[in-house]
Amino acid sequence: MPAVIWCAVGMVAGDLAGLVLSGTGWLLAPALALGGLLAWRREARGAAVLTAAAAGVVWGAASAAGAARDCRSRWREGERVAVAVEPWDVPVRGGASRATVLWPEACAGRLTVAWPSWTPPPDGVAALVGTWHRSPRALSPWPVRPERAGRLVARRVRPLAGAPGPRARLRLAAERRIAALFGPDRAPLAAALTVGTGDLLDADVRQRFARAGLAHILAISGLHVGIVAAALLLVLRAARLGAATARVAATALVAAYVGLLGWPPPAVRALGLLAIWCWARVRQRPLVPFSPLAATALAVVALDPFAVTEPGPWLSFAGAYGCVTAARAFGALRRERSLPKNRRVTALLSVAAVSGGATLATAPLSILGFGTMAPAALVSNVLAVPLAGFVVPTLALTLALAALLPAWAPAAAGAASVGLGALDGVARLAGALPLATVPFERTGLAALVLAAVAAVLLRPYPRTGRGAARVALRGRATVAAALAACAAVWWPLVPGGAAGYRPGWLALHFLAVGEGDAAAIATPAGRWMVVDAGPRTLGFDAGASVVTPFLRRNGVQRLAVAVASHGDADHLGGMPTVVRNFRPGLVLEPGQPRTSEIYRRFLAAAALAGTRWHPARAGDSLTLDGVLLRVWHPDSAWMERGLEANENSVVLTLDYGAFRAVFPGDAGLAMEGAPDIVGRIPPATLLKVAHHGSRSATGPAWLAAVAPRLCVISVGPNKYGEPDPGVVAALAGAGCNVFRTDAGGAVTVETDGRTVRVHAGSRDTTMTLTREEP
């Protein structure tokens, strides 16, 4: 195996270790370098790995130290900041877009800005004063690049003299032309396919493409770069340029395009492969298999050390490996004349083989990262990839005509619009297929099984010998099928099960969704409920980013019950996504009419899912697998008082054996002081503290009535000072063991009705209940 592959392995591993260990990472580098020096004479491969790992550790630790000094990593939640920025994408009034910080210099880089709705966004350089809100990703111990640490909510905007830089002007001009030519319906998708604004697309569109296995279409990846490069080569060759000159010119133009995008890792990987291929063709040198991938991995880590902490680059390289291996195997079979003679059938089989190789290679990573894999990709990519091969060059032609020959641009835009509609249609149809997206429990084991299957099927195939590739394919397919069959037989017998469910136990998972509430509850028989689904803000949907992946990882396909405690966005925001994805049998909510967009989305999602909707009222109850769900608030008379949404929150209890949990939503002192509540609510084992620990709730009378032994505060970085220190002190004084999602992440409480076990980060608690069963 070439040395560049071993160097790439060492560099990537070292870079990741340096980022994770940060300050202590420097201590690891000398040991690795010394090990590499000692091993140089005995084992060249080991020496290459250790030496490259030492360099990677230094590079990762230095990058982590630089990120820690960056303003975007040091700004506190709710801090008021002032910056000077130039737009990276076209700003939208009342929406979010990316901008590049020009001042202060210590913050130089991109960030997401939420623009105010009461003033037009700037066309060029501007001074912003606003508040910083940290992303839930920043709460994780996993390294996060500064530009993803949060977003700036602009309060005041003042244009400044000076125009954006050349790269920003080109991007802004392209986006404005796309908006003018394609209109509001098609422009976001067109911009995602050309200038890489896929992360700013509506969450519904992103989820639709993800369900169909087409998420890679929305992010500028190797596919887009390859299509652009192929189109440029055709144009340059048609212009009578020599083959070598055309390749060099195409590589230079693609490099300019990738620079315009901001050097995203998947595009850098594709550019590197193109450059190596062109160099080999010009110099007439053969390429050693997979050495170009390793070389581009070194380039990606050198340009962007944080790339190793994100799933996108890993999926990109795994997909490229699967494509290359599948293409080589298909080529060997074609040379052996083991394929149908019909050219159209062979072409379709070629696309299917490459798509299958990419799907299989990325499946283990997808399961580990998201708890799902998308078999629909095997079908959708056969249609979507050729469509993308038409749409992307047509979009590029449209932009070129808009700049040079504006009168001709609408005709090209019309053709591109047809392709965009067809691409969206493929996503809709493929996403609606049975088993389009398959959730997995025991994600580690499932990923291991699929990795073994992929390793068997995607090993390089022999390219010499009569029928050798065909024989190898049959043998490997048999071994892979045997592995899959064994896994299916032994799967139910493997202990542990899904992380969120144990037979005979009630499990309550309070998820870390930032400043909001979300709880996923597994009954003793394995059915699931959700109480709230976290916030939806500009650029973040807790239902899509936290709740859905958690449920998918635990094998959930449908919910039995979904409870929306009230209509505020920090509880209801993620619920439309959850309802759409898991089609609960019953939805409970206060039934207070709201005019907000998120409430309308929630009702529309429930209607489309065919879910039974019921306004929760005091006295309602439901028994599910031995768990009694009882509603205590609000009643009809209370709802007529016209109080704010918080005070109308659904207050419910869950009873299982001697265990009782209270979920009060954001109901505050008004609810707690109502005689029919405080006089009737029974003592409980667990209290989900109302309103994120605000001083507006959890008064002395309520705390004395509930008398909890465990208290969970669902809270994230906020500007309100939640949880209130006085409330936390009162909980501790009442003898309650307090757990917070902003301190230890998700809090899991499991009980068999008598024994209660709590796990939150590094804290574990076990207790035995003595209260009589209710």
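The values are calculated or read from the model by the stated rules, or taken from the named source; none is laboratory data. All of these numbers come straight from a predicted model, not from anything done at the bench. Methodologically, a virtual Cβ is constructed for each residue, glycine included, from the backbone with ideal geometry; neighbour enumeration extends over all protein chains shown. What goes into the accessible areas is simple: the full protein's heavy atoms, side chains included, and nothing from ligands, DNA or RNA. Shrake-Rupley method; radii C 1.70, N 1.55, O 1.52, S 1.80 Å.
Quick one: would you say Ala179 is of a type in the set (A, V, I, L, M) and surrounded by fewer than 14 Cβ atoms within 10 Å (Cβ to Cβ)? No; evaluated as a whole, the condition is false for this residue. Can Trp142 be described as in contact with a Phe, Trp or Tyr (Cβ under 7 Å, 6 or more places away or on another chain), under 22 Å from Ala542 (Cβ atoms), touching a residue at least 40 places away in the same chain (Cβ under 8 Å) and not in a helix (DSSP H, G or I)? Taking the combined requirement at face value, the residue does not satisfy it.
Whenever a residue of segment 501-524 is closer than 18 Å to Thr766 by Cβ and of a type in the set (A, V, I, L, M), its partners that are open to solvent by less than 10 Å² (accessible area, probe 1.4 Å) and part of a loop (DSSP other than H, G, I, E, B), lying with C-beta atoms within less than 8 angstrom and at least six residues away or across chains, give the pairs Leu506/Thr523; Leu506/Gly753; Ala507/Gly500.
Might you check whether a residue that is outside any helix (DSSP H, G or I) and either over 24 Å from Val92 (Cα atoms) or modelled with pLDDT of 90 or more (or both) occurs anywhere in segment 231-240? Yes, segment 231-240 contains a residue that is outside any helix (DSSP H, G or I) and either over 24 Å from Val92 (Cα atoms) or modelled with pLDDT of 90 or more (or both). When segment 157-175 is filtered for residues that are in contact with a Ser or Thr (Cβ under 9 Å, 6 or more places away or on another chain) and either free of Cβ contacts under 8 Å to residues at least 40 places away in the same chain or among the hydrophobic types (A, V, I, L, M, F, W, C) (or both), the ones remaining, listed by number, are Val157, Ala168, Ala174. Screening Val308, Val324 for residues that are farther than 21 Å from Ile217 by Cβ and under 27 Å from the mean Cα position of the chain (by Cα) leaves exactly one candidate, Val308.
For segment 419-449, taking the residues that are under 20 Å from the mean Cα position of the chain (by Cα) and among the hydrophobic types (A, V, I, L, M, F, W, C), the one that is modelled with the lowest pLDDT is identified as Phe440. Residues in segment 559-572 that are closer than 24 Å to Ala210 by Cβ and at pLDDT below 90: Ala569 only. Among the residues making up segment 608-617, a single one is small (Gly, Ala, Ser) and at pLDDT 90 or above: Ala616. Taken over segment 198-255, residues that are over 24 Å from Val300 (Cβ atoms), of a type outside the set (Lys, Arg) and touching a Gly at 6+ places or on another chain (Cβ under 7 Å) amount to 1.
Within segment 366-374, does at least one residue satisfy the condition of being surrounded by 20 or more Cβ atoms within 10 Å (Cβ to Cβ) and part of a loop (DSSP other than H, G, I, E, B)? Within segment 366-374, one or more residues are surrounded by 20 or more Cβ atoms within 10 Å (Cβ to Cβ) and part of a loop (DSSP other than H, G, I, E, B). Within segment 619-670, the set of residues being surrounded by 16 or more Cβ atoms within 10 Å (Cβ to Cβ), among the small types (Gly, Ala, Ser), at pLDDT 90 or above and more than 25 Å from Val758 (Cβ to Cβ) is empty. For residues in segment 280-331 being in a helix (DSSP H, G or I) and charged (D, E, K, R), which is nearest to Gly14 (Cα to Cα)? Restricting to residues being in a helix (DSSP H, G or I) and charged (D, E, K, R), the top hit is Arg328. Leu401 meets the conditions (1) more than 22 Å from Tyr461 (Cα to Cα); (2) surrounded by fewer than 19 Cβ atoms within 10 Å (Cβ to Cβ); (3) without any contact (Cβ under 8 Å) to a residue 12 or more places away in the chain in every case but one. The failed one is (2).
Note on segment 220-237: residues that are within 21 Å of Ala96 (Cα to Cα) and surrounded by fewer than 22 Cβ atoms within 10 Å (Cβ to Cβ) amount to 0. If the condition is being open to solvent by 30 Å² or more (accessible area, probe 1.4 Å) and either closer than 30 Å to Ala446 by Cα or at pLDDT 85 or above (or both), then segment 322-352 contributes Cys323, Val324, Ala327, Arg328, Leu348, Leu349, Ser350, Val351, Ala352. Scanning segment 278-316 for residues that are of a type in the set (Val, Ile, Thr) and open to solvent by 30 Å² or more (accessible area, probe 1.4 Å) yields a count of 2.
Give the residue that is surrounded by the fewest Cβ atoms within 10 Å (Cβ to Cβ), with candidates limited to residues of segment 716-748 that are assigned to a loop (DSSP other than H, G, I, E, B) and aliphatic (A, V, I, L, M). Ranking the candidates gives Ala734 first. The residue that is surrounded by the most Cβ atoms within 10 Å (Cβ to Cβ), counting only those in segment 78-116 that are of a type in the set (D, E, K, R) and over 22 Å from the mean Cα position of the chain (by Cα), is Glu86. Residue count for segment 119-145 satisfying the condition of being over 26 Å from Pro717 (Cα atoms) and either modelled with pLDDT under 90 or surrounded by fewer than 21 Cβ atoms within 10 Å (Cβ to Cβ) (or both): 6. The one condition from (1) open to solvent by 20 Å² or more (accessible area, probe 1.4 Å); (2) in contact (Cβ under 8 Å) with a residue 60 or more places away in the chain that Leu189 does not meet is (1).
One line per residue, one yes/no per condition, for (1) touching a Ser or Thr at 6+ places or on another chain (Cβ under 9 Å); (2) open to solvent by 60 Å² or more (accessible area, probe 1.4 Å); (3) of a type in the set (Val, Ile, Thr); (4) in contact (Cβ under 8 Å) with a residue 60 or more places away in the chain:
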{"site": "Asp568", "(1), (2), (3), (4)": "yes, no, no, yes"}
{"site": "Thr577", "(1), (2), (3), (4)": "yes, no, yes, yes"}
{"site": "Gly585", "(1), (2), (3), (4)": "yes, no, no, no"}
{"site": "Ser596", "(1), (2), (3), (4)": "no, no, no, no"}
{"site": "Tyr599", "(1), (2), (3), (4)": "no, no, no, no"}
{"site": "Ala606", "(1), (2), (3), (4)": "no, no, no, no"}
{"site": "Ala609", "(1), (2), (3), (4)": "no, no, no, no"}
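The single condition among (1) touching a helix residue (DSSP H, G or I) at 6+ places or on another chain (Cβ under 6 Å); (2) in a helix (DSSP H, G or I) that Trp277 does not satisfy is (1). Name the one entry in Thr766, Thr698, Thr755, Thr751 that is more than 28 Å from Pro503 (Cα to Cα) and hydroxyl-bearing (Ser, Thr, Tyr). Testing whether each residue is more than 28 Å from Pro503 (Cα to Cα) and hydroxyl-bearing (Ser, Thr, Tyr) leaves just Thr698. Would you please name the residue that is nearest to Leu399 (Cα to Cα), looking only at residues in segment 159-191 that are of a type in the set (Lys, Arg) and over 27 Å from the mean Cα position of the chain (by Cα)? My answer is Arg177.
Residues in segment 147-174 that are assigned to a helix (DSSP H, G or I), open to solvent by 20 Å² or more (accessible area, probe 1.4 Å) and either acidic (Asp, Glu) or in contact with a Leu (Cβ under 8 Å, 6 or more places away or on another chain) (or both): Glu147, Arg167, Leu170. If you check Ala518 against the conditions, is it within 22 Å of Gly721 (Cβ to Cβ) and open to solvent by 10 Å² or more (accessible area, probe 1.4 Å)? For Ala518, the condition - within 22 Å of Gly721 (Cβ to Cβ) and open to solvent by 10 Å² or more (accessible area, probe 1.4 Å) - is not met.
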